[in-house]
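S.K.: So that we are looking at the same thing, I have put the structure below in structure tokens.
The values are calculated or read from the model by the stated rules, or taken from the named source; none is laboratory data. In this text the structure is predicted, and so the values were computed from the model without any measurement. A quick note on method: Cβ atoms are made from the backbone with ideal geometry, for glycine too, and the neighbour counts reach across all protein chains shown.
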Amino acid sequence: MTDEVSTNDNSVKVPQRSTNLRWGVIAAFVLLIGLLVVLGLGLKRTSQGPIGVGDEVPDLTLTTFDDGDIHFEDLRGQVIVVNFWASWCKPCEGEAADLETAYQMYRDQGVVFLGVDYVDTEPEARGYLEQFEISYPNGPDLGTRISQAFRIRGVPETYVIGPDGRLAAVKIGPYNSLDEIVAHIETALAQ
Amino acid sequence: MKRRLIHSVGIILLLLAFLQLEAFSAFGQGSGPTDDEVNAIASQLYCPVCENVPLDVCPTQACVQWRATIREKLAAGWSEDEIKQYFVEQYGARVLATPPAEGLNWLVYVLPPAALLAGAFVLFRAVRTWHAEPEPAAGPVPPEEAEDDPYLAKLEEELKRREV
């Protein structure tokens with residue numbers, strides 16, 4: 001292998017080793033920038049807060065404890081109340097009865113309630129549903145896909161989606177009263 | 001005498017029954033998964049609720065329930081891989097202490113050795129350069145250039161004179 005390469009007819013010679021080194025440095029910088037972009041995008045996604053009011057909710061599927069699949073897209077045109085909970089979550093217990101009451105109030109008015117059981121174990125989750133006599137559909141957050149789509153920070157959190165598929169109201173933490181739940185549902189129904 | 005014999009036999013039978021019960025209970029205790037077996041798997045998992053705390057030492061209720069699930073699966077005869085796969089299906093791949101080599105996760109496995117190799121190469125090049133002979137600052141002056149320079153011409157003349 002020659003150490004020098006002729007770049008034109010006037011015999012201006014550039015060392016081959018130097019050219020290789022230059023391309024190596026360029027490749028290293030391109031790789032480094034690519035890596036930083038990937039890391040940056042990951043960090044940006046991590047630092048994002050929950051879905052905001054007015055944002056479109058992605059199409060998700062909840063597999064219920066009864067092995068039924070509920071697709072959010074199929075519920076378009078109805079108000080959806082998505083409540084994230086867990087059997088180990090003490091604050092969730094405080095709002096459980098109010099959520100069931102609200103469900104009974106609105107079940108015939110085009111309002112769908114869905115309970116998403118976050119990072120929980122099935123026997124305890126079923127025990128919780130039985131204890132608080134929750135009758136609306138509930139299911140585990142398989143692969144934590146639903147909680148990641150909503151970018152939740154913990155439980156309980158409740159997202160009220162309007163008939164247009166956009167988020168109408170959000171509650172971080174437990175509802176303090178039935179009136180608070182009703183107010184959120186009415187906001188969504190008015191859209 | 002006869003009564004005493006009956007009592008003795010009765011006591012012996014009772015003792016035997018008691019010993020047999022103990023043996024069964026000990027067998028029952030030994031057959032279940034031990035805490036070490038549960039923790040060996042739990043230490044490879046992370047609960048998303050308690051970030052950066054391995055499952056084997058996590059004190060929250062959620063983690064207690066997870067460990068109970070591991071014990072349950074072990075008792076049912078599940079292997080370590082099957083249990084880990086179950087947790088991945090239920091809670092996502094982020095529960096694993098070591099991410100699976102898929103998609104962008106490959107970067108985690110490829111980049112560190114690649115960076116190490118690149119660093120070793122750069123170091124090797126640098127060390128070789130340090131040990132190389134320094135190049136002469138300037139080459140011999142071309143004859144035509146020397147003729148044009150009066151100082152060089154004078155120097156050449158002086159050298160020739162001394163040689164003579």
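The rows are residues; the columns are (1) modelled with pLDDT of 95 or more; (2) surrounded by 11 or more Cβ atoms within 10 Å (Cβ to Cβ); (3) under 26 Å from A:Gly173 (Cα atoms).
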| residue | (1), (2), (3) |
| --- | --- |
| A:Val12 | no, no, no |
| A:Gln16 | no, yes, no |
| A:Val37 | no, no, no |
| A:Asp55 | no, yes, yes |
| A:Val81 | yes, yes, yes |
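S.K.: Separate question: Name every residue in region A:107-156 that is aromatic (Phe, Trp, Tyr) and within 13 Å of A:Thr64 (Cα to Cα), in order of residue number.
M.R.: Hits for region A:107-156 are A:Phe113, A:Tyr118, A:Tyr136.
S.K.: Answer yes if at least one residue in region B:63-73 is out of contact with any strand residue (DSSP E or B) (no Cβ under 8 Å at 6 or more places or on another chain) and away from chain A (no Cβ under 12 Å), and no otherwise.
M.R.: No, that holds for no residue.
S.K.: Which of the numbered conditions does A:Phe150 fail, given that it passes all the others? Conditions: (1) away from every other protein chain (no Cβ under 11 Å); (2) farther than 14 Å from A:Glu95 by Cα; (3) in contact with a helix residue (DSSP H, G or I) (Cβ under 9 Å, 6 or more places away or on another chain).
M.R.: (3)
S.K.: Also, quick follow-up: Output the residue which, of all residues in region B:80-117 that are hydroxyl-bearing (Ser, Thr, Tyr) and part of a helix (DSSP H, G or I), is nearest to the other protein chains (Cβ to nearest Cβ).
M.R.: B:Tyr91
S.K.: Okay, moving on. Is it true that A:Leu142 is surrounded by fewer than 21 Cβ atoms within 10 Å (Cβ to Cβ), of a type in the set (A, V, I, L, M), within 14 Å of chain B (Cβ to nearest Cβ) and touching a helix residue (DSSP H, G or I) at 6+ places or on another chain (Cβ under 9 Å)?
M.R.: Yes, satisfied.
S.K.: Given the structure, is A:Glu56 within 14 Å of chain B (Cβ to nearest Cβ) and of a type in the set (Asp, Glu)?
M.R.: No; evaluated as a whole, the condition is false for this residue.
S.K.: Across region A:143-171, what is the number of residues that are β-branched (Val, Ile, Thr) and in a helix (DSSP H, G or I)?
M.R.: 2
S.K.: Looking at (1) touching a Lys or Arg at 6+ places or on another chain (Cβ under 8 Å); (2) more than 8 Å from chain A (Cβ to nearest Cβ), which is the one condition that is false for B:Pro48?
M.R.: Unmet condition: (2).
S.K.: Among the listed residues A:Gly94, A:Gly127, A:Gly77, A:Gly110, which satisfies the condition of being among the small types (Gly, Ala, Ser), more than 26 Å from B:Ala93 (Cα to Cα) and within 13 Å of chain B (Cβ to nearest Cβ)?
M.R.: So the residue among A:Gly94, A:Gly127, A:Gly77, A:Gly110 that is among the small types (Gly, Ala, Ser), more than 26 Å from B:Ala93 (Cα to Cα) and within 13 Å of chain B (Cβ to nearest Cβ) is A:Gly127.
S.K.: Could you please find all residues in region A:101-135 being in contact (Cβ under 8 Å) with a residue 24 or more places away in the chain, closer than 28 Å to B:Cys63 by Cβ and of a type outside the set (A, V, I, L, M, F, W, C)?
M.R.: A:Gly115, A:Asp117, A:Tyr118, A:Asp120, A:Thr121, A:Glu122, A:Glu124, A:Arg126, A:Gly127, A:Tyr128, A:Glu133
S.K.: If you don't mind, there's one more thing I want to ask. State yes or no: is A:Arg166 within 24 Å of A:Ser47 (Cβ to Cβ), surrounded by 15 or more Cβ atoms within 10 Å (Cβ to Cβ) and of a type outside the set (Val, Ile, Thr)?
M.R.: yes
S.K.: Got a number for residues in region A:113-124 being under 25 Å from B:Arg67 (Cα atoms), more than 9 Å from chain B (Cβ to nearest Cβ) and touching an Asp or Glu at 6+ places or on another chain (Cβ under 9 Å)?
M.R.: Residues meeting the conditions: 2.
S.K.: Right, another one. Do we find that A:Gly165 is within 14 Å of chain B (Cβ to nearest Cβ) and on the phi > 0 side of the Ramachandran plot in this structure?
M.R.: Criteria not met by A:Gly165.
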